[in-house]
Every structure is written in C-alpha cells, then in structure tokens.
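The values are calculated or read from the model by the stated rules, or taken from the named source; none is laboratory data. Predicted model, so just to flag it, every value in this text is computed and none were measured. We place every Cβ from the backbone using ideal geometry, glycine too, and count neighbours over all the protein chains shown. Heads up: the accessible areas ignore ligands, DNA and RNA and are worked out on the full protein's heavy atoms, side chains in. Shrake-Rupley method; radii C 1.70, N 1.55, O 1.52, S 1.80 Å.
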Amino acid sequence: MPVHVSIHDVTPAWAAEVDAALQACAEVGIKPGLLVIPNYHGAWPLDDHPDYARRLRQWQADGHEIFLHGYYHLAGADRRATATAGNAAPRGLRKLWAQKVVSGGEAEFSDVDEAEARRRLDDGEAVLRRAGLGQLDGFIAPAWSMPPWMHAVLRERGYRYTEDHLHVYDPAAGARRTSVVLNYASRTPARLWSSLIYCRLARPARRFVPARVAIHPADMRHEVLRKEIRGLLRWAVGDAVVPARALVEA
C-alpha cells in the first residue's frame, strides 16, 4: 500500500531540525510534504522571516507539498470571544484528551469554536499568500485533533486533503479512508520509547491500509530517533506517494 511522508511543524523556530529531516528524506529520494505553521506559539510569525519564506517558495517550486498546519500550534492562544452562531469549542473529557494526552497543550483546533476556526484559517491562508506560496495542498490540524464540524468548513473552502490519527480525507470530495500513521513522541523518555515500539509494531498494517510517516522536528534532536526515522524512510522507499490525497484514492 502507498506511504506518504511529511515533516510537521515547519517554522523558522525549528529551522535546523527541519533541515535535518529534509536531508534524511533526500538521502533516500523521498520528497516529503511540509506542514507550515504561520505563527508558531505566537512568537515566530512567518511575516517577520522573509528568508524562511523564500526557502518555502523554493521548496514548493521543487515539488514539496505545502499544508497549512494550524495558525499558532498552541491551544488557547489569542482566543477571541465570539457571539456568532456556529459550533462551540469542545469541553470536558474531549478537551482534556486532546490537550493533556494527545499533545502537550498544542491541539489548537480542538480548542476553538467555529467562528474562531474560520478566522484562523483566514489568517493562516493570508500569511502563506504573503509569503508568496501558491495553492495549498491541504490543512492538517495540530496533534491531528479537530472537531467533526471542521470537515464541512474545509469542504466549503475547497480543501482536498486533511487527516486525523485514524483516517485520511478529501473534504472537497467527501471521501475518507482508514490509514495508519507512524510518528514518534519525545516529550518524555517514556513517550519516546513507547512511540518507538509502536512504530515498529504498526509497520505491518501497511499491508492492508495506506500509511503515513510523520516526522516532527524534535525527533531530530535524539540520535535514537534519527536512526529510527532513517530506517522508516528506507522502509517507505518504493511506495512513497505525492500528493497526499493519493492515499484517499488508493
């Protein structure tokens, strides 16, 4: 089955680590998609880094897919109260799961109502346009976490690709397909080793469903994960696909 490779959290804040991940992919001839954050944690606005915007334009020109990856990649950042009708922000156990278990408070689109989600999509798209980037290849929520109503919002805006932990989607076509995602977590030693074991055990699922390899910049700070990622990329060679929405059609 096909495999799609992507690099998450592409921002000037992680410039060196993103370069290392790109180099690992280039060594085996894989061209990963790039998940770009317009203003990482509210402290790294792409508008203030024209040299990095130039690099993004070059990567896109070289054939790398560009995905909008949230706006801040941080829950609760610059939250604006709204009085407009629409879907509310998740609360209770769902919010706890997204912010404390799945992520370290970075499941940005799991913590906004519909009006705020639309604003952040508008703002993020505008930042990437100002950076000189062309058409976006999709939207992927930070921590793969967003409410179900986001699919209708993305469909309305013409997005052709999104994903969560278990599925890949073409919102514009209303299509969905089960997919396994292989990624590492390095916030604690326990997460690092458990995610490493998971990725090794989950690889055989590729026989039955499309797979995704998701590289996070923080992975590149750990020698053991750099080695694992290189092995995972070799495992993907031959079945790596572009564009990502090919997974939905597989």
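Considering ALA131, ALA88, which residue is of a type in the set (A, V, I, L, M, F, W, C), modelled with pLDDT under 95 and either farther than 23 Å from ALA246 by Cα or open to solvent by less than 10 Å² (accessible area, probe 1.4 Å) (or both)?
Residue meeting the stated conditions: ALA88.
What single numbered condition from (1) loosely packed, with under 14 Cβ neighbours inside 10 Å; (2) of a type in the set (Val, Ile, Thr); (3) closer than 15 Å to PRO2 by Cβ fails to hold for VAL180?
Against the list (1) loosely packed, with under 14 Cβ neighbours inside 10 Å; (2) of a type in the set (Val, Ile, Thr); (3) closer than 15 Å to PRO2 by Cβ, VAL180 comes up short only on (1).
Does region 146-162 hold any residues that are touching a Pro at 6+ places or on another chain (Cβ under 9 Å) and at pLDDT below 95, and which are they?
Matches in region 146-162: PRO147 only.
Working carefully through the options THR188, THR162, find the one that is closer than 22 Å to TYR40 by Cβ and open to solvent by 40 Å² or more (accessible area, probe 1.4 Å).
THR188
When you look at ARG119, is it open to solvent by 40 Å² or more (accessible area, probe 1.4 Å), closer than 19 Å to ALA75 by Cα and basic (Lys, Arg), yes or no?
yes
Which residue pairs have Cβ atoms under 6 Å apart, sit 6 or more places apart or on different chains, and have a first residue in region 173-187 that is in contact (Cβ under 8 Å) with a residue 24 or more places away in the chain and a second that is assigned to a loop (DSSP other than H, G, I, E, B)?
THR178/VAL209; SER179/VAL209; SER179/PRO210; VAL180/VAL209; SER186/HIS222; ARG187/GLY104
Out of all the residues in region 221-250, which are without any contact (Cβ under 8 Å) to a residue 24 or more places away in the chain and open to solvent by less than 60 Å² (accessible area, probe 1.4 Å)?
Scanning region 221-250 gives a single hit, GLY231.
The conditions are (1) surrounded by fewer than 17 Cβ atoms within 10 Å (Cβ to Cβ); (2) out of contact with any Gly (no Cβ under 8 Å at 6 or more places or on another chain); (3) at pLDDT 85 or above, and LYS100 fails exactly one of them. Which is it?
All conditions pass for LYS100, except number (3).
Just for region 154-177: of the residues that are out of contact with any His (no Cβ under 6 Å at 6 or more places or on another chain) and in a strand (DSSP E or B), which one is farthest from HIS4 (Cα to Cα)?
ALA175
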